[in-house]
Amino acid sequence: PGRREVANTVGVAHRAGLQVLTWCPDPVDAARFTGAGVDAVVVDDVPGTVAALKADGPR
């Protein structure tokens with residue numbers, strides 16, 4: 001079986017009453033995970049992540 005889409009995994013967790021936190025993704029993945037609805041993102045590269053979020057557009 002292949003990998004599940006992040007939004008699907010987040011949806012399953014949210015329906016179960018859980019929150020989802022990602023730990024130290026690269027800036028592009030941080031923006032992708034945020035777009036998929038994760039509740040929190042812990043990052044090392046704050047400026048890079050802010051730039052990636054801006055490039056990804058408004059939520």
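The values are calculated or read from the model by the stated rules, or taken from the named source; none is laboratory data. Keep in mind that what you see is a predicted model, and the values were worked out from it rather than measured. Accessible surface is based on the protein model in full, side chains and every heavy atom, while ligands, DNA and RNA are left aside. Shrake-Rupley method; radii C 1.70, N 1.55, O 1.52, S 1.80 Å.
A few comments on the model shown:
- Helix content alone sets the calculated 222 nm mean residue ellipticity of the chain: runs of n ≥ 4 DSSP H residues at -39500 (n - 2.57) each, divided across all residues, give -15000 deg cm²/dmol.
- Average accessible surface area per residue within the chain, 1.4 Å rolling probe, Å²: 73 Å²
- Using a probe radius of 1.4 angstrom, the carbon and sulfur fraction of the accessible surface of the chain is 58%.
- Amide H partners (placed H, <5 Å) of Val20, local residues excluded: Asp39, Ala40
- At q = 0.12, 0.13, 0.17, 0.18 Å⁻¹ the log10 of I(q)/I(0) for the chain amounts to -0.29, -0.33, -0.55, -0.61, computed by Debye summation with a single uniform scatterer per C-alpha, solvent ignored.
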